[in-house]
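*Asks:* This is the structure I want to talk about, given as structure tokens.
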Amino acid sequence: MKISRRHLFQAGLTAGAGSLLLPGSARAEKATNPKRPRGIVFLVSDGMSQGILPMTEALSQQVRGKGTTWWNLLSESGVVHGLMDTPSSNSLVTDSAAASTAWSAGKRVPNGQICVDANGKTLESIGETLVKQGAKLGLVSTARITHATPAGFATQSPNRDDEDFIAPQFLNRAEILLGGGAAHFDAKKRQDGKDVFSDYEKAGYEVFRSRDEMLNAKSGKLLGLFWDGHLPYTLDRNHSKAMQKKVPTLAEMSEVALQRFLSSSEPFLLQIEGARIDHAAHANDVGSILRDQMAFDDAVAKVITLLAERDDILVVMTSDHGNANPALNGTGVRYRKTNEHFERIAGLKVSHEALFAELKKKKPATQDFLKMAREAFGFDFRTEEAEVLLDSISGREVLEWSHQHNNPPGILGQIVGNHTGTGWTGVSHTADPTQLTAFGPGAENFAGLVKNDAVRDRFLNLLFG
Ligand SMILES: [Zn+2]
């Protein structure tokens, strides 16, 4: 039924252009590898609703002339498909803290809490369990490393926002930490003035703050934080030489982390999070969401390349929840304008976050804003669109019946949607289950609908029996 991963990956590498398709005979002759995985790579595209995969595929075909790896995996024999369900203990719609806790501690908790249950009881994170078993945890994220999804795998906090409290807790629980959030480790920026970076250094971590230093790092224990807050959106990084020099891509961070784990002999769990897909969904920012999803997909491709000659690593890819459920709507008579409208996404040059920061600084009048918008988006806003957005930013009441969208990000998302055909259900997380894709030894444990609080046991059973 299944093919060996060695052949899968060799086929992927030799077929080129992201294709993983295999000749039928190769499929037929190879049986499932019954081995336990020595390591697990858990890739999380945070807040990735279903509509993002086909839109990213289309954008990638348009701007890079090749498809995406995750889309190819969906039709690849030997790859297991399922859905991850997503509720928390107190809501049909989870936040990232409760979702990460469910995966890590095996228990659903109220939203906002990291490895702390409804009664205030501390739960053991999967990172702590791994250490007891002599295994290693790595956390790679485009968010602050103290943000909910990485934090849930190694720390406890009754309040996810207390990131100064979370920062010191990764010490000796996670072997590799790569991402943003330097401010929470920096004596000058922490509330308590504590130098958390030096605590990590004393414990043997190689600490660095730039892409070059990461690429030249020698140690096995790494703390690399490249930005005070979340790492910049890929869309903004693509247009900034300074950001490219300072901040590595998710694929580069993933490679550095995975190579270290592959070259040691201990069992490991490596979480790789494309975090800003979620933030772009909250911002109804279609350009940023698809560019960050492409960067996430590059990380998936990098992982597959690094595992080409191996059959002992399980790869699981999913999301913790949907968010604002973006989708491409058909436009024009018989939807004939759809492609033309969608293709405008390739011309978006600035994240909504960066645009709002600029608007706050410049406070432009309508005509000046129309010029800014033309430059940022590559198409002309209608004057009424510009006016309603500027009104909303300055707190004036606008006609917008959807409460979810009655705010500047919601309104900007709808205006860009008018020109690109993209629509959003709101600006918040949704209850939808998320795509789940797995391959490698033990992948069959991730078929069908998987409860988010069942993941911990499955990972630990696979690694340690
Ligand atoms: Zn999330």
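*Asks:* Can you put ASP212, ASP186, ASP297, ASP192 in order of Cβ neighbours within 10 angstrom, beginning with the fewest?
*Replies:* ASP192, ASP212, ASP186, ASP297
*Asks:* Continuing with the same structure: How large is the Rg to Rh ratio of segment 84-147 when both quantities use alpha carbon positions and Rh follows Kirkwood?
*Replies:* For segment 84-147, the value is 0.99.
*Asks:* For a quick check of your reading of the filter: which trypsin sites (Lys or Arg not before Pro) in segment 355-407 sit in a DSSP loop and have no more than 15 other Cβ atoms within 10 Å?
*Replies:* Here the sparse-neighbourhood loop sites are ARG382, ARG396.
*Asks:* I'd like the antiparallel share, as a percent to the nearest 5, of DSSP beta bridges with both residues in the chain.
*Replies:* DSSP beta bridges in the chain are roughly 30 percent antiparallel.
*Asks:* Given the C-alpha centroids of segment 37-64 and segment 359-398, what is the distance between them in whole angstrom?
*Replies:* Cα centres, segment 37-64 to segment 359-398: 32 Å.
*Asks:* I've got another one for you. Quickly rank 81-89, 172-180 as a protection proxy: mean count of other C-beta atoms within 10 Å, highest first.
*Replies:* Averaged packing, sorted descending, gives the order 172-180, 81-89.
*Asks:* Let me know the Rg and Dmax you get for segment 251-405 when you use only its Cα atoms, in Å.
*Replies:* So, for segment 251-405, Rg and Dmax equal 20.6, 62 Å respectively.
*Asks:* State the percent of C-alpha pairs, over all pairs in segment 262-315, separated by a distance greater than 16 angstrom.
*Replies:* When all Cα pairs of segment 262-315 are counted, 53 percent exceed 16 Å.
*Asks:* Would you mind ranking THR101, THR383, THR129 so that the residue whose beta carbon has the fewest other beta carbons within 10 Å leads the list?
*Replies:* THR383, THR129, THR101
*Asks:* Over 27 Å between Cα atoms: which of LYS189/LYS360; LYS194/LYS362; LYS188/LYS221; LYS136/LYS245; LYS189/LYS245 fall into that group?
*Replies:* Pairs exceeding 27 Å: LYS194/LYS362; LYS136/LYS245.
*Asks:* Then there is this: When ARG64, ARG310, ARG291, ARG456 are ordered from fewest to most other Cβ atoms inside 10 Å of their Cβ, what list results?
*Replies:* Listing ARG64, ARG310, ARG291, ARG456 from fewest to most nearby Cβ atoms yields ARG64, ARG310, ARG456, ARG291.
*Asks:* Right, something else. Looking at segment 283-385, which GluC sites (Glu not before Pro) are in a loop (DSSP not H, G, I, E or B) and have at most 14 other Cβ atoms within 10 Å?
*Replies:* GLU309
*Asks:* May I pose another question? Over the chain, what per residue volume does the convex hull of the Cα atoms give, in whole Å³?
*Replies:* For the chain, the hull spanned by Cα atoms encloses 152 Å³ per residue.
*Asks:* Report, to the nearest 10°, how far helix 352-362 tilts away from the longest principal axis of the Cα atoms in the chain, using its own Cα long axis and a range of 0 to 90°.
*Replies:* 50
*Asks:* Still on this structure, I have one more. Based on the Cβ-Cβ distance from VAL333 to ASN172, what FRET efficiency comes out when R0 is 51 Å, to the nearest 0.05?
*Replies:* Efficiency for this residue pair is about 0.20.
*Asks:* A further question follows. Take the Cα atoms of segment 349-423, find their three principal axes, and give me the spread along each one in whole Å, biggest first.
*Replies:* So the three principal-axis extents are 29, 27, 21 Å.
*Asks:* If we count every other residue with Cβ under 10 angstrom of LEU130's Cβ, Lys/Arg +1 and Asp/Glu -1, where does the sum land?
*Replies:* Local charge sum for LEU130: 0.
*Asks:* Additional query: Using only alpha carbon pairs under 8 Å that are at least six residues apart, calculate the relative contact order of the chain and give it in whole percent.
*Replies:* Relative contact order, the chain: 26 percent.
*Asks:* About the Cα centre, and with charges only on the beta carbon of Lys, Arg (+1) and Asp, Glu (-1), how big is the dipole of segment 349-423? Nearest 20 debye, please.
*Replies:* The calculation lands at about 300 debye.
*Asks:* Sticking with this one: Given axes a ≥ b ≥ c from the Cα gyration tensor, I'd like to know whether segment 308-393 is rounded (a/c under 1.5), prolate (a/b larger than b/c) or oblate.
*Replies:* Verdict is prolate for segment 308-393.
*Asks:* Another question, then. What is the Cα centroid distance between segment 79-138 and segment 189-203, reported in whole angstrom?
*Replies:* What the calculation gives is 26 Å, centre to centre.
Each reported figure results from applying straightforward, stated rules to the coordinates on display, with no laboratory input. All values reported here derive from a predicted model rather than from experimental measurement. Here Cβ is always computed from backbone atoms with ideal geometry, including for glycine, and neighbour counts include all displayed protein chains.
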